[in-house]
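A.B. asks: Could you have a look at this structure, given as structure tokens, before my questions?
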Amino acid sequence: MKTSCDIILRPIISEQSTEHVELKKYVFEVAPDANKIEIKKAIEDLFDVEVAKVTTLNMIGKTKRMGRHPAGKRKDWKKAVVKLTDSSKTIEFFEGLV
């Protein structure tokens, strides 16, 4: 059985994701085999918030080259955008970024 820490791998902190914090939307990298229900339960357990909606995207790894060597590939990963309810508190980890 997977724990919440096995499902939620890390938060994604970028310019676009910090703009969504005002709308109570948070972006995380999640386990590739996790579904929306598991992600919702893991966020609610870890941060003690109420989740309204979860959107997932499968991100394809880019091909990269280093000089004349043949092209390599970055890993594929899964991204989840979590929308909290209006009555829910914010996630404190993201508060100092805005």
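The values are calculated or read from the model by the stated rules, or taken from the named source; none is laboratory data. Note that the structure is a prediction, hence the values are computed from the model and not measured. Glycine gets a Cβ as well: all are built from the backbone with ideal geometry, and neighbour counts include every protein chain shown. The accessibility values were calculated without ligands, DNA or RNA, using every heavy atom of the protein model including side chains. Shrake-Rupley method; radii C 1.70, N 1.55, O 1.52, S 1.80 Å.
A.B. asks: Tabulate in residue order the Karplus-calculated ³J(HN,Hα) for the stretch 60-68, using 6.51 cos²θ - 1.76 cosθ + 1.60 with θ = phi - 60°, rounded to whole Hz; enter x for Gly and Pro.
C.D. replies: Result, ordered by residue: 8, x, 7, 8, 10, 10, 10, x, 8 Hz.
A.B. asks: Once you've got the Cα coordinates, tell me which of K41/K78; K40/K79; K2/K73; K2/K40 are over 24 Å apart. Numbers along the way, then the final one.
C.D. replies: Numbers: K41/K78 17 Å; K40/K79 13 Å; K2/K73 28 Å; K2/K40 13 Å.
Violating the 24 Å Cα-Cα cut-off are K2/K73.
A.B. asks: OK, next. Between the DSSP loop rule and a limit of at most 14 other Cβ atoms within 10 Å, which trypsin sites (Lys or Arg not before Pro) in the stretch 20-65 are left?
C.D. replies: On the way: sites: K24, K25, K36, K40, K41, K53, K62, K64, R65; in loops: K24, K62, R65.
For trypsin sites (Lys or Arg not before Pro) across the stretch 20-65 that sit outside H, G, I, E and B with at most 14 neighbouring Cβ atoms in 10 Å, the list reads K62, R65.
A.B. asks: Based on DSSP H runs of at least 4 residues, each adding -39500 (n - 2.57), what is the mean residue ellipticity at 222 nm of the chain after dividing by all its residues, to the nearest 500 deg cm²/dmol? Display every interim value, and only then the final one.
C.D. replies: On the way: 3 runs with 21 residues, N = 98.
Computed ellipticity for the chain at 222 nm equals -5500 deg cm²/dmol.
A.B. asks: Follow-up question, since we're still on this one. Relative contact order of the chain, please, whole-number percent, based on alpha carbon pairs below 8 angstrom and at least 6 residues apart.
C.D. replies: Working: 158 pairs, mean separation 30.9, N = 98.
Reported relative contact order: 32 percent.
A.B. asks: Grab the Cα-Cα distance for F93 and R10, subtract it from 0.36 nm times how many residues apart they are, and report the gain in nm with one decimal. Write out the running numbers ahead of the final one.
C.D. replies: Working: separation 83, 0.36 × 83 = 29.88 nm, distance 1.14 nm.
Between F93 and R10, full extension yields 28.7 nm more.
A.B. asks: On to the next question. If the chain between L46 and M1 were fully stretched, how many nm would it gain, using 0.36 nm times the residue separation less the Cα-Cα distance? Let's see the in-between values first.
C.D. replies: Values: separation 45, 0.36 × 45 = 16.20 nm, distance 1.63 nm.
The L46-M1 span can extend by a further 14.6 nm.
A.B. asks: Continuing with the same structure: For the chain, give the percent of accessible area contributed by carbon and sulfur heavy atoms, probe 1.4 Å, rounded to a whole number. All intermediate terms of the calculation are to be shown ahead of the outcome.
C.D. replies: Values: 3630 of 6890 Å².
Exposed carbon and sulfur together represent 53 percent of the surface.
A.B. asks: Contour minus end-to-end for E29 and T63, with contour as 0.36 nm per residue of separation and end-to-end as the Cα-Cα distance? Walk me through the numbers before you get to the answer.
C.D. replies: On the way: separation 34, 0.36 × 34 = 12.24 nm, distance 1.96 nm.
Roughly 10.3 nm would be gained on extension.
A.B. asks: With a 1.4 Å probe and all protein chains left in place, how much accessible area per residue does the chain have, in Å²? Write out the running numbers ahead of the final one.
C.D. replies: On the way: 6890 Å² over 98 residues.
With all protein chains present, the chain gives 70 Å² per residue.
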